[in-house]
Amino acid sequence: MFKDARMFRRNPLLWIAIVCFAPFVASFMAYYFLQPSSRVNYGDLIDVQNLPSVTLQQIDGQAFQFNALQGKWWYFTIDDADCNQYCEQKLWQIRQVRKTQGKHPERIERVWLITGKGQPGEHLQKEYGGTAFVLLNDLSIVSRLPYTQSLNDHIFLVDPLGNVVLRYPKNADSTRMRKDLERLLKVSRIG
């Protein structure tokens, strides 16, 4: 005991250094060697894909640019104008997720990128009013987006800087999508 006390008196700087650097070493070890096996987000994080600044056309003839939505979070889906049941389910999901955001629904937009010829039916335009119906004549715009079997399977989430950040699986769970968005809106200072 006497020897240990004498060592502490002789090397107090060494002990202070050990106490100061121990949290840094512990955090480094935890970050690189004790990573959690689960994740918080439901959607798949994807490598950041910035959508190009091109001018497209909405079904009403107005011009549309992706960068016009900067500063807002937005969901988009890609489907043919002949919207099948799954297409309509995705439109319903993104509308409902937006509605459930309480006092901040204006921070979220919805876009349907329409492929193929024709326009969606009147009932879809009425039912999903507020969604931007955009004609997508050039698929090279979204060809860089990762998808599993079909590009039409997914709903994508874009951050306020215009980066596609999350991809939701086919038949996604709306409640879990909502929770992802709530977390993002809570921590986001830019949108």
Residues S143, S188, sorted so that the one with the fewest Cβ neighbours within 10 Å comes first = S143, S188
remark   = Residue-ordered couplings for the stretch 102-116, obtained by feeding phi - 60° into the Karplus form 6.51 cos²θ - 1.76 cosθ + 1.60 and rounding to whole Hz (Gly and Pro as x), are x, 7, 10, x, 5, 7, 10, 10, 10, 9, 10, 8, 9, 9, x
request  = Calculate how steeply helix 174-187 sits against the longest principal axis of the alpha-carbon atoms of the chain, using the helix alpha-carbon long axis, and give the answer as 0 to 90 degrees to the nearest 10.
outcome  = 60
ask   = Counting only DSSP beta bridges with both residues in the stretch 100-191, what percent are antiparallel, rounded to the nearest 5?
value = 50
ask   = DSSP beta bridges in the stretch 37-191, what fraction antiparallel, as a percent rounded to 5?
value = 60
ask   = In nm, what is the difference between 0.36 nm times the number of residues separating F21 and Q62 and their Cα-Cα distance?
value = 8.8 nm
request  = State the number of lysine pairs found in the chain whose Cα atoms come within less than 14 Å, restricting to pairs 8 or more positions apart or on distinct chains.
outcome  = 4
ask   = So for F28, F156, fewest C-beta neighbours within 10 Å to most, what's the order?
value = F28, F156
key: Residue exposure sequence - I18, I94 - by fewest surrounding Cβ within 10 Å   = I18, I94
key: the chain: relative contact order as a whole-number percent, Cα under 8 Å and 6+ apart   = 29
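Taken together, the values in this text are just the output of simple stated rules run on the coordinates, not laboratory data. Computed from a predicted structure; not experimentally measured. Glycine gets a Cβ as well: all are built from the backbone with ideal geometry, and neighbour counts include every protein chain shown.
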